[in-house]
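Scroll down for the structure; my scribbles are underneath it.
Nothing in this text is a laboratory measurement; each read-out follows from the coordinates by a stated rule. Given the structure is predicted, the values throughout are model-derived calculations rather than measurements. Glycine gets a Cβ as well: all are built from the backbone with ideal geometry, and neighbour counts include every protein chain shown.
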Amino acid sequence: MKMMMVVCITVLCAFGVCAQSMDDSIERGIALHDRALAEGEETALKCRETLEPFIEKNMVARAYYGSVITIQASFYADENPVHSLTLLEEGAQYMDSAVSNDPDNGELRLIRLSNGIEVSRSSPLKRYAVIADDVRWFEKHPLPSSPEDCAAILLNCGLYYLDAGDMDAALDALETCVESGAETAAVQNARDILRRYEE
């Protein structure tokens with residue numbers, strides 16, 4: 001009996017170590033994702049290598065994996081637009097499948113929404129029909145308690161409404177973003193946009 005308990009404890013500890021190792025790797029991958037646009041393709045590739053082992057089981061890893069592929073696409077936009085578009089479509093598929101697998105996960109929705117706004121504004125791939133679903137989802141659910149997450153959601157919803165031509169909804173979302181209390185780039189971006197429309 002004691003031997004059985006020792007074996008069970010050992011197995012549980014091993015699972016705990018594996019889970020912690022996976023979480024640490026995903027966090028490293030997300031950090032690489034956030035630096036990839038500024039640092040270039042080498043960082044984007046390192047991000048993909050770090051996240052790839054987890055993209056079948058962890059949908060956050062899958063969404064960031066898709067997002068970093070779209071960042072890779074931006075490096076080819078001028079010299080090889082066909083390859084760039086292929087990467088954009090591949091990355092979008094990963095994000096869409098992540099959301100499909102866990103449609104009530106707000107983090108996945110935010111990753112796809114913010115990425116979709118950027119891709120739609122800067123590339124031939126227009127994602128507005130897909131990210132409209134994310135905007136509607138956020139409209140139906142309470143905003144997160146984190147001011148930083150709240151600000152990011154409101155900024156991206158505001159940008160979506162601007163692009164859709166719904167000025168009232170856009171200004172309302174951007175003003176609420178500024179009022180969120182967060183001191184982030186999202187809030188500063190919202191302030192800058194509001195200032196332009198006030199002039």
Taking only Cα atoms and a 10 Å spring cutoff, compute GNM fluctuations for the chain and point out the largest among K126, K46, K57. K57
Using a Gaussian network for the chain with springs between C-alpha atoms less than 10 Å apart, which of these wobbles most: M95, M167, M59? M167
Max mean-square fluctuation residue, GNM over the chain, Cα-Cα springs under 10 Å, options R62, R112, R127: R127
Run the reach check for K126 against aspartates and glutamates, Cα to Cα strictly under 17 Å, same-chain hits fewer than 8 apart removed. What comes back? E89, E90, D96, E118, D134, D163
Quick check: the angle from helix 185-198's long axis to the longest principal axis of the chain, C-alpha only, nearest 10 degrees? 10
Rg(Cα) of the chain divided by 2.2 N^0.38 Å? 1.18
Given the options V68, A92, G106, identify the residue whose Cα lies farthest towards the positive end of the charge dipole of region 33-127 (+1 on Cβ of Lys, Arg; -1 on Cβ of Asp, Glu). G106
What distance in nm separates the two pseudo spin-label positions at A185 and S21, each 7 Å out from Cα along the beta-carbon direction? 3.3
Just want the ordering: E175, E27, from fewest to most Cβ atoms lying within 10 Å of their own Cβ. E27, E175
Cα extents of region 11-119 along the three principal axes, largest first (Å): 51, 30, 18
Relative contact order (%) - region 33-127, alpha-carbon pairs under 8 angstrom, separation at least six: 24
